[in-house]
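Undergrad: The structure is given below, and queries will be raised subsequently.
The values are calculated or read from the model by the stated rules, or taken from the named source; none is laboratory data. Since we're looking at a predicted model, the values are computed, not measured. When we count neighbours, we look across all protein chains shown, and the Cβ atoms used for this are built from the backbone with ideal geometry, even at glycine. Note: accessible area is taken over every heavy atom of the protein model, side chains too, but ligands, DNA and RNA are not part of it. Shrake-Rupley method; radii C 1.70, N 1.55, O 1.52, S 1.80 Å.
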Amino acid sequence: MTKNIVITGTSRGIGFELAKQFAKEGHQVLALSRNTAPLDAENIQNITSLSVNLSSNEDITKAINYVNNNWKKVDILIHNAGKLINKPFSELTTIDFEQVYRVNVFAVAELTKNMLPYITEGGHVVTISSMGGIQGSLKFPGLAAYSSAKGAVITLSELLAEEYKEQKIAFNVLALGAVQTEMLEEAFPGYIAPTSAKEMANYIFDFSLHGHKYYNGKVLQVSSTTP
C-alpha cells in the first residue's frame, strides 16, 4: 500500500538514500532540504523536493502547505536533518548552540506539531538521533552542542509517545552509531565507519514502515562500533 512519507535532510547521506528507496518502492515522498539539487538530478517520479531551511518556521510552513494542498495525510515523518558544529566547549558560543538546537531540536518540535493534524492512527514519527545523545555512552570532545541536542530529542520523543498514545501515533528514536557520511567526516575526520549511508537507509526504511507495530516511545541503539 502506498504511503505518504516526509523526510528531512535529503540532500546527502542517509536522507538522500532514504528518499530514493521509498520512492522506488512506490511510496510518495516529500523531501525537505535546503539543497534540492542532488535529488532533483535523480529525476524520480514519486519525489517532491522542497527547499526548506528548517531553522525558519516560515519555511516549515511551505511543507505544511504542500501536505494540506496535495496529500491531506502523512503516514511516516522521518526527522533525519542534523546540524553539527565541532568545536572545543570553551569556544562554543550561544549562537553556535542556537544554530545546532534550531535544526536538531526546535525544527523537530515545530515540524512534528504542524504535521500531527495530518498523521492518523497507525502513523509513525521516527527521529534520527545519535549514540552521542545516549546517557552513559562514550562522549567525544568538540560535540557538546550536537550531542546534547541529540539527547534532547530523545526525551522529546518519549514525551510525545505518551501524549499521543490515545491517537495511536507512534514516536520512536534511532540512535545511530558511526555511518559513513559527510557529517561523520566533520565529527571524526579520517575515521572510516563500518556502515554505509545506503546500508543504514535500508534499516531505517524497514523500521519506519514496520517498527511502530513493536515499539512506541523507545530509543533503539543502532550501532556496532564506537564511535
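Undergrad: Only residues that are surrounded by fewer than 17 Cβ atoms within 10 Å (Cβ to Cβ), polar (S, T, N, Q) and in a helix (DSSP H, G or I): list them for segment 120-163, please.
TA: The answer is Thr155, and nothing else.
Undergrad: Can you tell me which residues in segment 203-217 are assigned to a helix (DSSP H, G or I) and touching a helix residue (DSSP H, G or I) at 6+ places or on another chain (Cβ under 7 Å)? Spell out how you get there, then give the answer.
TA: Pass one, segment 203-217, residues assigned to a helix (DSSP H, G or I): 203-213.
Residues satisfying the conditions are Ile204, Phe205.
Undergrad: Here's a follow-up. Cβ-Cβ distance below 6 Å, separation of 6 or more or different chains: which pairs start in segment 48-62 with a residue that is over 23 Å from Lys3 (Cα atoms) and end on one that is outside any helix (DSSP H, G or I) and open to solvent by 60 Å² or more (accessible area, probe 1.4 Å)?
TA: Asn53/Arg34
Undergrad: Can you say whether Leu220 is hydrophobic (A, V, I, L, M, F, W, C), open to solvent by 20 Å² or more (accessible area, probe 1.4 Å), in a helix (DSSP H, G or I) and touching a residue at least 40 places away in the same chain (Cβ under 8 Å), as far as the supplied structure shows? Walk me through it before giving the result.
TA: On the way: hydrophobic (A, V, I, L, M, F, W, C): yes; open to solvent by 20 Å² or more (accessible area, probe 1.4 Å): yes; in a helix (DSSP H, G or I): no; touching a residue at least 40 places away in the same chain (Cβ under 8 Å): yes.
Judged against the criteria, Leu220 is not a match.
Undergrad: Within segment 175-194, which residues are over 17 Å from Gly82 (Cα atoms) and either surrounded by 20 or more Cβ atoms within 10 Å (Cβ to Cβ) or among the small types (Gly, Ala, Ser) (or both)? Can you show your working first?
TA: Pass one, segment 175-194, residues over 17 Å from Gly82 (Cα atoms): 189-194.
Result: Gly190, Ala193.
Undergrad: Here's another thing I want to ask about it. What number of residues within segment 89-118 are in contact with a Lys or Arg (Cβ under 8 Å, 6 or more places away or on another chain) and over 25 Å from Val74 (Cα atoms)?
TA: Number satisfying all stated conditions: 3.
Undergrad: Moving to a separate point now. Could you please let me know if Ala197 is surrounded by 16 or more Cβ atoms within 10 Å (Cβ to Cβ), within 15 Å of the chain's Cα centre (by Cα), touching a residue at least 12 places away in the same chain (Cβ under 8 Å) and within 17 Å of Val108 (Cβ to Cβ)?
TA: no
Undergrad: Across segment 164-193, what is the total count of residues that are in a loop (DSSP other than H, G, I, E, B) and within 22 Å of Gly142 (Cβ to Cβ)?
TA: Counting residues in segment 164-193 that are in a loop (DSSP other than H, G, I, E, B) and within 22 Å of Gly142 (Cβ to Cβ) gives 10.
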